[in-house]
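The values are calculated or read from the model by the stated rules, or taken from the named source; none is laboratory data. As the structure is a prediction and not an experimental result, all values here were calculated from the model. Here the Cβ positions follow ideal geometry from the backbone for every residue, glycine too, while neighbour counts run over all protein chains shown. For the accessible areas, the whole protein counts, side chains as well, though only heavy atoms, and no ligand, DNA or RNA atoms are used. Shrake-Rupley method; radii C 1.70, N 1.55, O 1.52, S 1.80 Å.
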Amino acid sequence: SMTIILFPRPEERRELFSDHPGDDWAVFYSQIFGIHTPRFREQYFPKRQGFDWPVIVAPMLSIPYLIQVSRGFYNCCVSEADDYQIDMFMTYHARVPFQAYVIWVRPCFEVPGHRQGQSALASRQSGVLGMTVLERILLELFVFWRLGVHLDTQTKTLCIGSGYVDDGVPVVSFETQRQRLCVSWQDLEVGAASTGCREVYSPMQVRNLAT
């Protein structure tokens, strides 16, 4: 049987997360993907000050699958690659969901001003951890499911946690005029106005670095 998912009307919009964000993500995965994930316990993944949005990535999610699911709710445009070939164009991901993991991001619907205009190379050289393209597309779907709105309607997220052939970096934004999510590419050394990375705190990577 078909599950009907009702997105909130503007007057019914709530906070992105309840007091139990792990439960919010569990309901999201159940309703959108039809999968049941273990309950996420925040105390096992302590966040850092200023990083208030958790993004929980379920095992074995793929970019093509996320795009396919997202298309059930809004249009998606992937430049320079067929949806099912996009993984072939990727040569690097900082994190891959062989098992479930969590990252924390700053609570911003647009790229923070101090990151705009900074190239992917400059961000990486300064030691910033950034979102992967999979994480960014997943967060877009979660925000739309929860609030009925979109991220990056005025800015573009430079997904420095992922890499593209010839040193390109994926860029994700939402075009309000065409009502579509766009995945494009930008050269590693190029900085563009209103484009920048979304910094993440990754307890998983902190633990890996400490061992």
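Counting heavy atoms of the protein chains alone, D187 has an accessible area of about 100 Å² for a 1.4 Å probe.
Computed over protein heavy atoms with a 1.4 Å probe, the accessible surface of region 88-150 works out to 38 Å² per residue. With 0.36 nm allotted per residue and the present C-alpha distance subtracted, the R71-Y92 stretch has 5.1 nm of extension available. Protection proxy ranking of 168-179, 128-139, by the mean of other Cβ atoms within 10 Å over each peptide's residues and highest first, is 128-139, 168-179. Let me spell out the model: positive unit charges on the Cβ of Lys and Arg, negative unit charges on the Cβ of Asp and Glu, origin at the Cα centre of region 102-211. What dipole size does that give, in debye rounded to 20? Around 340 debye, computed over region 102-211.
Once C-alpha pairs closer than 8 Å and six or more residues apart are averaged by separation and normalised to the residue number of region 96-200, the relative contact order reads 40 percent.
What size of dipole, in debye to the nearest 20, comes out for region 106-146 about its Cα centre when the only charges are +1 on Lys and Arg C-beta atoms and -1 on Asp and Glu C-beta atoms? Roughly 80 debye, rounded to the nearest 20.
Ligands, DNA and RNA excluded, the heavy atoms of H93 present near 60 Å² of accessible surface to a 1.4 Å solvent probe.
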